[in-house]
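Data first, discussion second: the structure below is written as structure tokens.
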Amino acid sequence: MAHVSIIGTGNMGQAIASVVSKGGNTVELFGSADKAQRITGEIVVLAVPYPAVAQVIAERGDQLAGKIVVDITNPLNFETFDSLVVPADGSAAAEVAAALPQSRVLKAFNTNFAATLASGAVGEAPTTVSIAGDDADAKALLAGVVSAGGLRAVDAGSLSRARELEALGFLQLTLAVGEKISWTGGFALV
Ligand SMILES: NC(=O)c1ccc[n+]([C@@H]2O[C@H](COP(=O)([O-])OP(=O)(O)OC[C@H]3O[C@@H](n4cnc5c(N)ncnc54)[C@H](OP(=O)(O)O)[C@@H]3O)[C@@H](O)[C@H]2O)c1
């Protein structure tokens, strides 16, 4: 059994918590008012907006040492909706990994709209969570939690692939905001 801590109680925090519980794993959720509460999970999901990640790391970096840290952000410029705010050859996940050298950092969930985590489907296809990271055991543990929760998980390669996952998340958001696809849809893997 895995124990998962989720920082952020919004759409994604709650949707991921449901997946974890559905699979028989345990979960604890932290809102922005729970800063004094210590993290106890071996997997910690940062389910907060990209600009809040640096703050969470500043507040809880010591507690994240030795843990699997999952970055789910789509680091968009929400003013222009026309670019990512991370370097073109980098990613938000690479920044998290650089800030947390004692954690095993994964990129996951950023290409899944919250509704598809709840429904388990994107159109006719099962919802697939793409997981990128440099530690095979960490990826396997998260994949196990995802698949126990009724979704598919795929190993998307090294943490360097976070750059492509973030580009894909950006494009998917662009399509949804432009009403070309619905928030219950998105890219599927078949
Ligand atoms: N929604 C989606 O379908 C989707 C899909 C893929 C990826 N994402 C990514 O998932 C992340 C979360 O998105 P969301 O849709 O769940 O956003 P949301 O519904 O707005 O929730 C964000 C949560 O983060 C919390 N938060 C903000 N700063 C915090 C801090 N310093 N410490 C602890 N909690 C903090 C907020 O708490 P308060 O309300 O108390 O401030 C809120 O509960 C974002 O990075 C987004 O890019 C979202």
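Could you give me the ³J(HN,Hα) list for region 46-56, computed from phi with Karplus coefficients 6.51, -1.76, 1.60 and θ = phi - 60°, whole Hz, x at Gly and Pro?
Taking θ as phi minus 60°, the curve returns 8, 9, 10, x, 3, x, 8, 4, 4, 5, 4 Hz for region 46-56.
Pick out which of D137, D89, D71 has the largest mean-square fluctuation in a Gaussian network model of the chain, springs linking Cα atoms closer than 10 Å.
D89
Quick one: putting +1 on the C-beta of Lys and Arg, -1 on the C-beta of Asp and Glu, what dipole do you get for the chain around its Cα centre, in Debye to the nearest 20? Mind showing how you got there, number by number?
Details: 12 positive and 18 negative charges, 73 e Å.
For the chain, the charge dipole is close to 360 debye.
Between A98, T116, S158, whose Cα lies farthest towards the positive end of the dipole of region 3-177 when Lys and Arg beta carbons carry +1 and Asp and Glu beta carbons carry -1, centred on the Cα centre?
T116
Quick one: which residues, 5+ away or cross-chain, put their amide H under 5 Å from the amide H of I6? H built at 1.01 Å from N.
HN-HN under 5 Å from I6: E28, L29, F30, V45.
For region 183-188, what does the Karplus curve 6.51 cos²θ - 1.76 cosθ + 1.60, with θ = phi - 60°, yield as ³J(HN,Hα) per residue in whole Hz, taken in order and with x for Gly and Pro?
With the stated coefficients, region 183-188 comes to 6, 9, x, x, 6, 10 Hz.
Taking a 25 Å limit on the Cα-Cα distance, which of the listed pairs K35/K67; K35/K139; K139/K180 fall beyond it?
Details: K35/K67 18 Å; K35/K139 27 Å; K139/K180 32 Å.
Among K35/K67; K35/K139; K139/K180, the Cα-Cα distance tops 25 Å for K35/K139; K139/K180.
If I model a spin label as a point 7 Å beyond the Cα along the Cα-Cβ vector, how far apart are those points for Q14 and F81 in nm?
It is 2.4 nm.
Could you pull out the GluC sites (Glu not before Pro) across region 36-81 that fall in loop regions by DSSP (anything but H, G, I, E, B) with no more than 16 other Cβ atoms inside 10 Å? Could the numbers behind the result be given before it?
Details: sites: E42, E59, E79; in loops: E42, E79.
Sparse-neighbourhood loop GluC sites (Glu not before Pro): E42, E79.
Cut-off 10 angstrom, C-alpha nodes, Gaussian network model of the chain. Which of V177, V122, V70 fluctuates the most?
V177
If amide H atoms are built 1.01 Å from N in the plane of the peptide, which residues on other chains or at least 5 residues away come under 5 Å of the amide H of L84?
It is N77, by chain and number.
From the backbone phi of region 34-45, what are the Karplus-calculated ³J(HN,Hα) couplings (6.51 cos²θ - 1.76 cosθ + 1.60, θ = phi - 60°) in whole Hz, Gly and Pro given as x?
In residue order, the calculated couplings are 9, 5, 7, 7, 7, 7, 10, x, 7, 10, 10, 9 Hz.
Nothing charged except the Cβ atoms of Lys and Arg (+1) and of Asp and Glu (-1): what's the magnitude of the dipole of region 1-107 about its Cα centre? Round to the nearest 20 debye.
Numbers: 7 positive and 10 negative charges, 78 e Å.
I would put it at about 380 debye.
For a quick check of your reading of the filter: which trypsin sites (Lys or Arg not before Pro) in region 1-68 sit in a DSSP loop and have no more than 11 other Cβ atoms within 10 Å? Walk me through the intermediate numbers first.
Numbers: sites: K22, K35, R38, R60, K67; in loops: K35, R38, K67.
Loop-located and lightly packed - R38.
So for each of 125-131, 23-29, 90-96 I average, over its residues, the number of other beta carbons within 10 Å; can you give me the resulting order with the highest mean first? Don't jump to the answer; show the numbers that get you there.
Details: 125-131: 21.0, 23-29: 17.0, 90-96: 23.7.
Top of the packing list down: 90-96, 125-131, 23-29.
Near the amide H of V69, under 5 Å away, which other amide H atoms are found, from residues 5 or more places off or on another chain, if H is placed in the peptide plane?
So V69 has HN proximity to V44, R104, V105, L106.
Pick out which of A140, A153, A97 has the largest mean-square fluctuation in a Gaussian network model of the chain, springs linking Cα atoms closer than 10 Å.
A140
Sum -39500 (n - 2.57) across every DSSP H segment of at least 4 residues in the chain, then divide by the residue count to get the 222 nm mean residue ellipticity, nearest 500. Intermediate values should be presented prior to the final figure.
Numbers: 6 runs with 70 residues, N = 190.
So the helix-based figure for the chain works out to -11500 deg cm²/dmol.
We did not get these values from a lab; they are worked out from the coordinates using the rules stated. Keep in mind it's a predicted model, so treat the numbers as computed, not measured. We place every Cβ from the backbone using ideal geometry, glycine too, and count neighbours over all the protein chains shown.
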